[in-house]
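Data first, discussion second: the structure below is written as structure tokens.
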Amino acid sequence: MNEINAEYKVKLDNVFEGPMDLLVHLIKKNEVDIYDIPVGLITEQYLAYLDWMKLLNIDIVGDFLVMASTLAQIKSRMLLPFHGDEDEEEDPRLEIARPLAEYLQIKSAAEELANRNMLGDKMFTRPAVNKAAFEGDQELIQVGLFELIDAFQRILEKASKDHVVDLSADKVSVKDRMNVIIAILEEKGSVAFVELFPAQPRKTDIIATFLALLELMRLNLVRAVQAPAGNTIRLFYQ
């Protein structure tokens, strides 16, 4: 795996989400209340995502590490004895619950504004393909980095279960995979995320393809979307 991405680092810049977005993703994924966060579970999963990002050589900015430290501190404080007679003792989880609630309000307002702008021709350069991509008139939502990592994990796990063995020692080029993805999207207009990977892909191909997709999204050449009620991630060339 390192052979592919050792010389290739995905920059998050301002395109992909930050630590607050990862927390929101985990809270939604686990279907928990932001004021009743299972800190141990969320911290464990948060660190697991950071491990995946490091493994893929995704540039982790300092804010992610600061949040990891904050979660660890809150987890430690939760383990301390609680003195029930001290009414003023505050739940340590409020340290992240309050800013998280505020962030969700801001994010919701920003998304509503963005959706209004996208009603024109700014979301897709090929609206006709967009209509054919999903059944019915479903509102499409943009897919973020962490949803893509989830989808990537599922494909990688399936490859492991299928006992796919790399028979070729050829080095996989992320730039070559970028060109392949662009060629596919130029021909089809849109494609399901899973369709980027052959039936029995090599792990090296899976990783290189995923990194290529992230770079194309960072360059604003590809957009990933899905219907709110569906799991299918679809990619559009823009």
*Rounded to the nearest 0.05, what FRET efficiency do residue 238 and residue 80 give with R0 = 30 Å and r taken as the Cβ-Cβ distance? Could you check?*
0.05
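Among 192-199, 215-222, how do they line up by average Cβ neighbours within 10 Å per residue, starting with the highest? All intermediate terms of the calculation are to be shown ahead of the outcome.
Working: 192-199: 14.5, 215-222: 16.6.
The most tightly packed comes first, giving 215-222, 192-199.
Net charge within 15 Å of residue 33 by Cβ-Cβ distance, Lys/Arg positive one each and Asp/Glu negative one each, not counting residue 33 itself? Could you put the intermediate results ahead of the total?
Working: positive: 28, 29, 93, 98; negative: 31, 36, 91.
Net charge around residue 33: +1.
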*Gain in length, residue 70 to residue 35, computed as 0.36 nm per residue apart minus the alpha-carbon separation, to one decimal in nm?*
11.0 nm
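Can you flag which of 29/107; 29/188; 158/188; 158/203; 54/175 are past 22 Å Cα-Cα? Please list the in-between numbers first.
On the way: 29/107 17 Å; 29/188 31 Å; 158/188 26 Å; 158/203 10 Å; 54/175 20 Å.
Pairs exceeding 22 Å: 29/188; 158/188.
Read the figures in this text as sums done on the coordinates, not as results from a lab. Here the structure is a predicted model, which means the values were calculated and not measured. Cβ: placed from backbone, ideal geometry, glycine included. Neighbour counts: every protein chain shown.
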